[in-house]
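Here, each number is a calculation from the coordinates, and none is a lab measurement. Nothing here was measured: the structure is a model prediction, and the numbers come from that model. Because the Cβ atoms are built from the backbone with ideal geometry, glycine has one as well, and the counts that use them run over all protein chains shown.
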Amino acid sequence: MKIERIAKQRLIKLLKPGKVIVLLGSRRTGKTTILKEIANETNEKFFFWNGEDFAVHDLLKRRSIQNYKNLIGERKLILIDEAQKIPDIGNILKLIVDSFENLKIVVTGSSAFDIKNLTGEPLTGRKHDLYLYSISEEEINAYESPTQKFDNLMQRLVFGSMPEAINLTSTNEKIDYLRELVASYLMKDILIYENVKNTGKIFDLLKLIAFQVGQEVSLNELSRELGISKNTVDRYLDLLSKVFIVFKLRGFSGNLRKEVVNHSKWYFLDNGIRNAVINNFNIIEQRNDIGSLWVNYMISERVKYQNYHGVYSNNYFWRTYDQQEIDWIEEREGKLFAYEFKWKEQRIKIPKAWQKNYPDSSFDLIYNQNYKDWIIPK
């Protein structure tokens, strides 16, 4: 099943001469597919280069305008996959952009390390960064019949939304794919970019985070559990976020004394990755972590929605020392929006401390029958 990607639509709108479009996201989210589709659909002359090809390195190595004129000729579009693998690519792209006024350029990278390598100082003011995630609810919504939607949702809570995982039909194929993805691709990125040798500790850390989805995480506790320093834990978490496996949610504070802000929560950008890490692919009816799965899925889908639709928001969780809490706070447009996540509809009272101190904020429950209104534009 071919699913139209929102990031591709945004990319095409932004694709203009004088700017480099940088498409970023974890491996296997479909960046190469998008480049190939653009190449197949364009009427312009183009180059499609793979940054892992040493022949491409040789072509671009001599950084002179004349060399690039000879190379590019009449082409109006350059597509470079895994561009961060090309030495000094930032300065190369800067020279090309500045020298060819009618040239459009799209490059991809597989981690936030690539932002520095691809779009650091040389490309300041000359680029647009776009992010590609696993398939979003919005993207797949048009391809599902009303009778399929709920069953497919329960599948995605367990197996996630990576493009290949969605298109695999059998449970065993999905499980094998996700295990291989975690072992051979995502963890490998950390080794490549930061030369980390102790992958066992990183994977153990990822497991601890996976079991604590939706809970506050203490670096000191993780440090004691893993037998490594707090600074090393912090560094490893930073690495995991830079390869788009997990992301951090900070605590909100409006200067109310009893608000907790010194801990963070960590979420996975894909439920299937999370479940592969803990090796639990049991169906929903056989799990005791449906609450964690639902919270993680909703938050990851909201992150996609915000990025794809330009919703500029500061995101937080909220908790007080006397255990009043809210799962998700958005600070945007000068207002506060509070959301609680429950798998099934239930009566929930707004925490008294929140209501008293932030009376102008809104509060909503997101559950399995109303969630689409929150993550799919009307």
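Using the rule -39500 (n - 2.57) for each DSSP H run of four or more residues, divided by the residues of the chain, the 222 nm mean residue ellipticity is -12000 deg cm²/dmol. Site pair residue 70 and residue 91 shows an inter-label distance of 2.0 nm when each label is modelled 7 Å from Cα along Cα→Cβ. Under 14 Å of direct C-alpha separation, and excluding same-chain neighbours fewer than eight residues apart, residue 356 reaches these aspartates and glutamates: 259, 325. Potential lengthening of the chain between residue 314 and residue 258 amounts to 18.1 nm, from the contour at 0.36 nm per residue minus the alpha-carbon distance. Note: relative contact order over the stretch 143-375, using C-alpha pairs below 8 Å and six or more positions apart, is 18 percent. Dipole check for the chain: with +1 at the C-beta of Lys and Arg, -1 at the C-beta of Asp and Glu, and the Cα centre as origin, the magnitude is about 660 Debye. Projecting the Cα atoms of 293, 351, 91 onto the dipole axis of the chain, where Lys and Arg carry +1 and Asp and Glu carry -1 at the beta carbon, places 91 farthest toward the positive end.
Note on Cα extents along the principal axes in Å: of the candidates (1) 57, 56, 43; (2) 68, 50, 47; (3) 80, 49, 36, the value calculated from this structure sits at (2). Evaluated with a Cβ-only charge set (Lys, Arg +1; Asp, Glu -1), the stretch 258-300 carries a dipole of roughly 120 debye about its Cα centre, given to the nearest 20. Measuring between their Cα centroids, the stretch 324-374 and the stretch 297-316 lie 15 Å from each other.
Shape analysis of the stretch 6-131 places it in the rounded category; the axes a ≥ b ≥ c from the Cα gyration tensor give an a/c below 1.5.
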